[in-house]
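Q: Take a look at the following structure, please.
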Amino acid sequence: MQRCGVLESEIAPRVPSGTRVIEPVDMQESIMMTCARFTRVCSVLCFFGYCYISVAIADTVMVNVDYETGGFTSGYTPGEVNARIDDNGGPSALDAFEMSTGVVREGTYSIRTKTEHNSAYRSFGSPPPVRVESSNLEHEPSQYGNNTHFLYEFSFYLDEATWASHTNPGVIIWQAKTTGSSPDAIFSLREEDGRLELRFRHVSGDSNQLNGITVVDEIPLAKWIDIRFEAKWERVDGGYLDVSYRNASDGEVNFTDTVVNGETYYTGRTMRGNGTGYFKWGQYRPSLSPEDSVDPKTRIVYHDAIRATEMVYTFEDWKADHAVAGQETTSDEDSDLVTLLEEFAFNMDPNLTDFHHLTTSLGTSGLPVGYLAEASGAPGEYCLHVEFLRRNDDRNLVYTVQFNSGLDAANWTDVTRAKTIVPISACWERVIVEDSVTTTTQNRRFGRVKLQYSPP
Ligand SMILES: [Ca+2]
Ligand SMILES: [Ca+2]
């Protein structure tokens, strides 16, 4: 099995020195990059003009439900990945689950669920909420338990006709839970001040109370939304839950933000119950029972690209895989001016003299790059941008971008908010951070990426 943290890359032939990472804009020559070795390496980069491109990406995807087989179980056995149709406790309505070929996030097929104010859309008899859901109930490799770490992904699309009115919908479209216990995490649709929003709720320590945060303020209809949910499941301190999303259907591929406060918003007990954790997707309408209608409308939701990737790769794993287990974080046994920790953090080879910078927008290996680009919110003004690779499978490694008008150690300023985060794979992303100071007020700025590693 491929390990999560390995991004394969190759070195393309050298290209002429005209391939520079710093764009030829007016203030170019006064912008410099520095860091422990930035100043030195930048000039080397511009002289040699190396260009690295990716050829393959490998993650430890434990379950991948893309429906490309055209069936409800997406090639898994019905026991592993399950659409709860009539003969195994699911709804009896024939159109509760359908394969869709007209509305898809990826490939040729997605799954379409429909719910109505009708007992044919119930599951498991009584109690009678309306429920049309699929799950990975018996797919052991993608189940979670105490002290496991997963990235969950799914995409959903709300049918325009059935969602034009959305009073009090209360529809859960994805949830993680242990058998016989209340859910650990829920993505639900609800109305807030006339807007249809996506809400994320989660367990809270010892309490059964689920707290909530808004993930998407106003969900566009007839558009695919991609959700990423990273969970470090822990009964005790050390757990966390991160959520981010993107609107995939308008061409934007930028994840807007980690929704809650940067990296981690919850530390504590994220596991409840003693069962094995699994997840479900589709429609669960707890407030809609045939006997007690709050929202009797028909609802249609599409789901696609449902995945769970185990986040298991650490610096120590990487060191073992590269036969450098005895080396220190600051060592440079391959003599390429890149420390062992930098080789790990930026997907480089600790046994190869492969000093190079990341190729903007394309590369999957290399040291951070800096360049001038137009400032957000200030058309016509430019500022220093730092672009770098970030791995998110070892939480002991923290990346921080800093800017400064000089090289005095006291004046580096952290910028915690990324301008752009583009996922490359489950475990790797391309991050662009911009300086808040533009060339209108400063003609000389420095940037660096600080790496901090805390051994477990
Ligand atoms: Ca090295
Ligand atoms: Ca190297």
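Q: How long are the semi-axes of the equivalent ellipsoid of segment 316-416, taking √(5λ) for every eigenvalue λ of the Cα gyration tensor, in whole Å from largest down?
A: Semi-axes (√(5λ), whole Å): 29, 15, 13.
Q: Turning to a different aspect of this structure: For segment 371-388, in order, what is each residue's ³J(HN,Hα) by Karplus, 6.51 cos²θ - 1.76 cosθ + 1.60 with θ = phi - 60°, in whole Hz (x at glycine and Pro)?
A: 7, 8, 8, 4, 6, 5, x, 9, x, x, 9, 10, 8, 6, 10, 10, 10, 8
Q: Here's something else I'd like to know. For a footprinting-style exposure proxy, rank Ser134, Ser376 by other Cβ within 10 Å, fewest first.
A: With the sparsest Cβ surroundings first, the list reads Ser376, Ser134.
Q: For Thr353 and Ala373, what does the FRET efficiency come to when R0 = 35 Å and r is the distance between their Cβ atoms, rounded to the nearest 0.05?
A: Working: r = 31 Å, r/R0 = 0.87.
Calculated transfer efficiency: 0.70.
Q: How much length, in nm to one decimal, is gained on full extension between Asp193 and Ser436, taken as 0.36 nm per residue of separation minus their Cα-Cα distance?
A: Additional length available on full extension: 84.2 nm.
Q: Going by how many other beta carbons lie within 10 Å of each one, how would you line up Phe355, Phe446, fewest first?
A: Values: Phe355 19, Phe446 22.
Lowest to highest Cβ neighbour count: Phe355, Phe446.
Q: Which length gain, in nm to one decimal place, applies between Leu362 and Glu316 when the Cα-Cα distance is subtracted from 0.36 nm times their residue separation? Before the final figure, lay out the partial values.
A: On the way: separation 46, 0.36 × 46 = 16.56 nm, distance 2.74 nm.
Gain in length upon complete extension: 13.8 nm.
Q: So for the pair Leu407, Glu160, with labels modelled 7 Å out along Cα→Cβ, what separation do we get in nm?
A: For Leu407 paired with Glu160, the spin-label model returns 5.8 nm.
Q: Turning to a different aspect of this structure: Computed FRET efficiency, Cβ-Cβ of Thr77 and Glu328, R0 60 Å: what is it to the nearest 0.05? Let's see the in-between values first.
A: Values: r = 47 Å, r/R0 = 0.78.
The calculated FRET efficiency here is 0.80.
Q: Let me ask another. Give me the one-decimal nm value for the distance between modelled label points at Glu140 and Val422, 7 Å along each residue's Cα-to-Cβ direction.
A: Distance between label points: 4.0 nm.
Q: Now for a separate question. In the structure shown, do any of Lys114/Lys419; Lys419/Lys450; Lys114/Lys232; Lys232/Lys319 have a Cα-Cα gap over 26 Å, and if so which?
A: Lys114/Lys419; Lys114/Lys232
Each value in this text was obtained by applying a stated rule to the coordinates, not by laboratory testing. What you are looking at is a predicted structure, and each value in this text was computed from that prediction instead of being measured. Please note: Cβ atoms are built from the backbone with ideal geometry, for glycine as well, and neighbour counts cover all protein chains shown.
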